[in-house]
Amino acid sequence: MTEYTRREIGLGLGAAVAGSAGAASFAIAQGAAKVVIIGGGPGGATVANQLKQGEPSLDVTLIEVSKVYTTCFFSNLYLGGFRSYASLQHNYDGLKKLGVKVVTATATDVDTQAKQVKAGGRTYGYDRLVVAPGIDIKYNSIEGYSQQASQIMPHAYLPGAQTQLLKRQLEAMKNGGTVVMVAPNNPYRCPPGPYERACMIAHYLKTKKPKSKLVILDPKKAFSKQPVFQEAFAKYYKDIIELNLTNEIDDYAVTKIDAKTKTITTKMGKSWKADVANVIPQQRAGEIAHKIGLAEGDWCPVNAENFTSTKVKEIYVLGDAAIAAEMPKSAFTANSQAKVVANDILSALAKKPKFAPNFRNTCWSMVAP
């Protein structure tokens with residue numbers, strides 16, 4: 001676990017997650033100022049929590065498309081049989097009790113001049129706006145992949161139905177079948193995620209369908225926590241996991257898929273036929289961030305000391321959507337960033353000094369029982 005000074009963060013050298021901004025009470029000089037938050041994941045929901053605990057009189061509205069939030073974190077353990085699906089799901093009752101206005105709708109547009117968010121046919125005014133939209137899947141990053149194809153070859157990188165679909169496919173696969181995982185190139189949500197998933201799928205195969213195997217096609221030469229994952233592959237799943245990393249001779253970047261035949265082809269021209277295919281394409285910031293003009297390419301640049309957008313004034317962007325120096329795109333990171341954002345908003349509205357930002361990251365991956 002590493003801590004960074006404010007100067008290091010300002011220089012863009014920061015790395016990662018959960019220091020508390022503190023929930024000290026602030027007297028908001030201008031009355032019940034309005035904060036609107038788009039996205040109710042670990043980033044957005046934590047901002048809402050911290051704002052209402054810091055200043056109960058603050059008018060906080062959280063706009064989130066789902067009534068129940070299903071986590072991506074721990075979803076791999078569901079695939080491995082170590083957690084129930086219900087354990088991944090969380091409602092917003094706790095925030096409602098704090099006085100947060102939870103709106104179940106999709107934010108469709110933002111008027112940054114009038115400071116208004118459109119969602120569910122209504123308009124919500126704000127003094128400060130927080131955008132935590134998570135990721136969208138770049139289906140066109142692999143030829144032949146699409147939303148329709150993902151119903152046959154699930155990415156399972158957005159929480160909910162896709163995760164359940166992948167598990168059903170594993171359960172229905174014959175003993176002796178082949179699972180093919182397509183790993184994404186950097187950057188993407190949860191750097192160790194595909195490799196924890198590989199362990200959990202391999203555990204399921206080992207215990208339920210021992211004649212089966214898992215093939216990983218990876219466009220990268222190296223990946224997060226590689227030494228410990230490879231140790232686990234060798235120790236627990238030696239005859240099950242086949243890891244294909246790109247090197248100077250072979251390029252395992254997948255360039256084409258055929259959903260009808262479940263055939264996957266790499267840049268080097270080799271093809272694999274899968275019984276179950278987990279295709280994880282490239283990703284980008286959620287659509288609303290692009291519509292507002294917060295993105296530069298796929299992701300949203302921010303000022304490292306407080307996660308305000310470098311593109312649009314008085315808007316914060318955090319979580320997976322943000323370009324956050326060396327911080328990984330993880331729920332733990334988003335939680336840490338959210339505390340810094342809440343502290344910055346409370347301090348600005350109350351015209352009070354703010355705490356120095358404190359970022360940390362802790363990441364655990366399950367590899368075997």
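The values are calculated or read from the model by the stated rules, or taken from the named source; none is laboratory data. Remember, predicted model here, so these are calculated numbers, not experimental data. As a convention, Cβ positions derive from the backbone with ideal geometry for all residues, glycine included, and neighbour counts pool all protein chains shown. With ligands, DNA and RNA removed, areas are computed over all heavy atoms of the protein, side chains included. Shrake-Rupley method; radii C 1.70, N 1.55, O 1.52, S 1.80 Å.
Okay, here's what the table says:
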item	result
Separation between Cα centres of region 115-161 and region 269-299, rounded to whole Å	11 Å
Where a label projected 7 Å from the Cα of Asp239 along Cα→Cβ would reach, residues of region 179-205 with amide N under 20 Å	179-180, 199-205
Residue among Gln230, Gly54, Asn303 farthest towards the positive dipole end of the chain, charges placed on Cβ	Gln230
Charge-dipole axis of the chain as Lys and Arg at +1 and Asp and Glu at -1 on Cβ define it, positive-most pick from Leu165, Ala342, Pro357	Leu165
Net dipole in debye of the chain [+1 Lys, Arg Cβ; -1 Asp, Glu Cβ; about Cα centre; nearest 20]	740 debye
Fraction of antiparallel bridges per DSSP, the chain only, in percent to nearest 5	40 percent
Accessible carbon and sulfur surface of the chain relative to its total accessible area, %, 1.4 Å	49 percent
Length-normalised contact order for the chain - Cα pairs under 8 Å, 6+ apart - percent	27 percent
Anisotropy class of region 95-199 from Cα gyration tensor, a/c 1.5 cut	prolate
Backbone HN-Hα couplings from phi across region 152-166 [Karplus 6.51/-1.76/1.60, Hz, Gly and Pro as x]	9, 10, x, 7, 6, 10, 10, x, x, 4, 5, 5, 5, 4, 4
Distance between region 167-219 and region 330-357 - C-alpha centres, whole angstrom	38 Å
Solution diffusion estimate, µm²/s, Stokes-Einstein, region 255-314, Kirkwood Rh from C-alpha pairs, 37 °C, viscosity 0.692 mPa s	225 µm²/s
Label-to-label distance, nm, for residues given as Glu296 and Val228 (7 Å Cα→Cβ offset)	3.3 nm
Length-normalised contact order of region 141-257 in % [C-alpha pairs under 8 Å, at least 6 apart]	29 percent
Within region 39-64: backbone nitrogen closer than 17 Å to the His90 label point (7 Å, Cα to C-beta)	39-53, 62-64
DSSP beta bridges in region 158-300 [antiparallel fraction, %, rounded to 5]	35 percent
Cross-link reach list, aspartates and glutamates versus Lys354, counting only Cα pairs under 19 Å and skipping chain neighbours closer than eight places	Glu3, Glu8, Glu55, Asp127, Glu305, Glu314, Asp344
Pairs from Lys101/Lys138; Lys311/Lys352; Lys291/Lys352; Lys211/Lys273; Lys208/Lys273; Lys101/Lys351 whose Cα-Cα separation, in the structure shown, is over 28 Å	Lys101/Lys138; Lys291/Lys352
Å² per residue, accessible surface of the chain at 1.4 Å	44 Å²
Extended-chain gain in nm, criterion 0.36 nm per residue less alpha-carbon gap, Ser146 and Asp251	35.5 nm
Semi-axis lengths, Å, region 207-296, gyration tensor of Cα atoms, sqrt of 5 times eigenvalues	28, 18, 16
Of Lys34/Lys96; Lys213/Lys238; Lys67/Lys329; Lys167/Lys220, those spanning more than 19 Å from alpha-carbon to alpha-carbon	Lys67/Lys329; Lys167/Lys220
